[in-house]
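The structure under discussion appears below in the form of structure tokens.
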2 protein chains.
Amino acid sequence: MPAQLKKISESTIHRLSIYYRALAALEKENRTTISSKELAKRDKLTPAQVRKDLSFFGSFGTRGLGYPVVELRNRIAEIMGLNRLWNVALVGVGNIGSALAQYKEFAKQGFNIKLIFDNDLRKIGSNHKGIIVSDVRNLKSMVVSENIDIVIIAVPAASAQAVCDEVVAGGIKAILNFAPINLKVPDDVVLRNQNMCIELEHLAFALNNKNR
Amino acid sequence: MPAQLKKISESTIHRLSIYYRALAALEKENRTTISSKELAKRDKLTPAQVRKDLSFFGSFGTRGLGYPVVELRNRIAEIMGLNRLWNVALVGVGNIGSALAQYKEFAKQGFNIKLIFDNDLRKIGSNHKGIIVSDVRNLKSMVVSENIDIVIIAVPAASAQAVCDEVVAGGIKAILNFAPINLKVPDDVVLRNQNMCIELEHLAFALNNKNR
DNA sequence: TTATATTTGTGAACAGTTTCACAAAAGAAA
DNA sequence: TTTCTTTTGTGAAACTGTTCACAAATATAA
């Protein structure tokens with residue numbers, strides 16, 4: 001029972017998120033067990049991959065039968081930290097920021113957008129889905145006082161690093177960045193970038209190199 | 001000079017996008033050459049990685065000096081297909097869809113949102129940044145007639161597969177999906193998923209497993 | 001021109017990830 | 001019970017991606 005002994009790869013974490021979704025769906029269908037074979041098929045993976053991924057966290061399958069849906073889902077939630085609420089602050093209420101403020105999936109998965117910031121006087125004080133937009137000048141103090149766990153940066157590229165530095169100074173250890181720029185963060189801060197242009201560029205490359 | 005002989009990995013493509021951005025910035029600063037060492041430093045990579053990545057596409061550096069900024073940037077643009085316009089259709093004008101419709105970076109990189117679709121009668125016919133929203137029932141015929149290269153799916157999870165099937169039937173070979181669902185596509189269609197919840201889950205995992 | 005310093009390009013070593021293959025465990029059927 | 005089938009869990013093998021290390025090429029300085 002290797003309870004998180006070895007280093008878990010990013011790809012494994014990613015697949016864990018995917019398994020979690022499949023298991024949630026199975027739970028709704030009242031399925032009680034699922035085999036690695038079937039779980040793999042749903043997401044175009046291999047059964048061996050599924051078993052290897054799960055084995056990093058222990059062995060909760062039953063040979064000859066498969067994995068218990070509810071138990072496995074709970075275990076993944078526990079591993080990923082999905083059985084609790086996370087306080088999220090959103091910085092920047094432009095195109096993308098306001099879309100994210102309204103995005104319902106976040107709340108469903110326990111990501112609670114608690115604070116919203118902007119630097120535009122016309123936006124500060126306005127009500128965004130029940131949350132009053134705060135002045136970005138209070139960013140650092142408020143992420144501390146409101147116990148924010150995760151910050152989403154959705155400001156223009158030019159101001160993203162300044163925002164980043166502020167929240168890091170406020171002790172934030174996890175950032176999701178939508179600005180098309182490479183942010184510099186200390187080693188103990190986890191940063192993930194969501195760059196839509198780069199995604200389109202992957203597609204462009206694929207189309208451009210079809211006949212090689 | 002191995003002009004695309006070997007298989008290029010997804011990670012190499014990703015870094016190519018990153019180099020491209022760095023080179024664009026360097027060009028603005030009127031730098032004429034850059035070494036793999038400096039290019040690596042800008043993006044927290046290793047010089048060897050930069051050289052290996054570039055070597056897949058030929059050898060355009062000068063020993064003792066580095067790479068010519070303008071030439072290398074053009075070459076990457078050529079490889080990635082960034083020196084042309086791509087016709088993009090956006091399906092779904094909800095939170096995320098309308099944010100994407102207004103996102104200026106796309107046009108800057110040659111991704112031209114030419115068509116926008118929705119199934120909501122209140123939205124169809126309305127003007128979104130100069131583009132009239134079309135009825136999604138015309139999706140298949142219009143992606144063909146307007147020579148669409150790439151489709152962005154930003155509809156609710158429940159209707160995403162139907163939209164996907166339509167555009168695939170219309171001959172589309174590249175899809176960027178924002179719906180939180182695993183779409184099924186034929187092998188010759190490139191699909192990329194942008195799932196913001198999964199990104200937050202990566203961060204949650206990291207925070208949850210800090211002290212292992 | 002010659003010597004010294006840089007920096008590329010790349011095969012080889014290394015590291016990490018995925019797949020294979022099979023013993024072991026449990027269920028299902030006879 | 002006994003036999004047969006299914007399916008897990010996991011070392012080992014295969015594969016993929018990254019880093020090392022150094023010859024070769026060029027620039028720069030003397």
Rounded to whole angstroms and listed largest first, the alpha-carbon spread of region A:28-135 along its three principal axes comes to 63, 27, 25
CD proxy, 222 nm, chain B: helix-only mean residue ellipticity via -39,500 (n - 2.57) per DSSP H run with n ≥ 4, per residue, nearest 500, stands at -13000 deg cm²/dmol
Taking a straight Cα-to-Cα line shorter than 29 Å from A:Lys123, and setting aside same-chain lysines fewer than 8 residues away, one finds A:Lys104, A:Lys108, A:Lys114, A:Lys140, A:Lys173, A:Lys184, B:Lys104, B:Lys108, B:Lys123, B:Lys129
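Let me check against my output: what whole-number percent is the relative contact order of region B:114-212, with C-alpha pairs under 8 Å and at least 6 apart?
Details: 121 pairs, mean separation 18.6, N = 99.
The value is 19 percent.
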Axis carrying B to A; for chain B the Cβ-nearest residue and its rounded Å distance come to B:Ala99, 2
at B:Lys52 the sorted inter-copy label distances (label 7 Å from Cα on Cβ side), in nanometres, are 1.9
Mean other chain Cβ within 10 Å across B:188-200 is 6
With no solvent term and unit scatterers on the alpha-carbon positions of the protein assembly as shown, Debye gives log₁₀ I(q)/I(0) at q = 0.10 Å⁻¹ of -0.80
Computed on Cα atoms, the radius of gyration and Dmax of region B:10-80 in angstrom are 10.7, 30
One computes Rg over Rh for chain A from alpha-carbon atoms, with the Kirkwood Rh, and obtains 1.03
Heavy-atom accessible area of B:His202, protein chains in place, probe 1.4 angstrom, given in Å² to nearest 10, is 10
Those GluC sites (Glu not before Pro) from region B:117-212 that are DSSP loop and have at most 16 other Cβ neighbours within 10 Å turn out to be B:Glu146
Phi angles of region A:56-66, converted by Karplus (6.51 cos²θ - 1.76 cosθ + 1.60, θ = phi - 60°) into ³J(HN,Hα) in whole Hz with x for Gly and Pro, give 4, 10, x, 10, 10, x, 10, 4, x, 10, x
With the label set 7 Å along Cα→Cβ, B:Ser159 is separated from its counterparts in the other copies, in nm and shortest first, by 3.4
Distribution output for region A:86-198: share of Cα-Cα pairs per 5 Å bin in percent, first bin at 0, values 2, 13, 25, 27, 21, 10, 2, 0
accessible surface per residue for region B:8-93, probe 1.4 Å, DNA/RNA/ligands not counted, whole Å² -> 49
The answer for trypsin sites (Lys or Arg not before Pro) in region B:64-132 that fall in a DSSP coil and have at most 15 neighbouring Cβ atoms within 10 Å is B:Arg84, B:Arg122, B:Lys129
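Count, for each residue of A:8-17, the Cβ atoms from other chains sitting within 10 Å of its Cβ, then give me the mean as a whole number. Working shown, then result.
Working: counts 3, 0, 3, 0, 1, 7, 6, 0, 4, 9.
Whole-number average of other-chain Cβ neighbours for A:8-17 is 3.
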If labels are modelled 7 Å from Cα along the Cβ direction, A:Glu78 lies from its partners in the other copies at nm distances, smallest first, of 5.7
Magnitude of the Cβ-charge dipole (Lys and Arg +1, Asp and Glu -1) of the protein assembly as shown about the Cα centre, nearest 20 debye, reported as 880
Karplus-derived 3J(HN,Hα) from phi for region A:6-17 (6.51 cos²θ - 1.76 cosθ + 1.60, θ = phi - 60°), whole Hz, x at Gly and Pro, runs 7, 5, 9, 6, 4, 5, 5, 4, 4, 5, 4, 4
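Let me know the mean shielding of A:94-101 by other chains, meaning the per-residue number of their Cβ atoms within 10 Å of its Cβ. Working shown, then result.
On the way: counts 3, 8, 6, 1, 3, 12, 4, 1.
Partner-chain Cβ atoms within 10 Å, mean over residues of A:94-101: 5.
The values are calculated or read from the model by the stated rules, or taken from the named source; none is laboratory data. Since the structure is predicted, the reported quantities are computational estimates derived from the model, not experimental observations. No Cβ is skipped: glycine too gets one built from the backbone with ideal geometry, and neighbour counts run over all protein chains shown. Note: areas computed on protein heavy atoms with side chains; ligands, DNA, RNA excluded. Shrake-Rupley method; radii C 1.70, N 1.55, O 1.52, S 1.80 Å.
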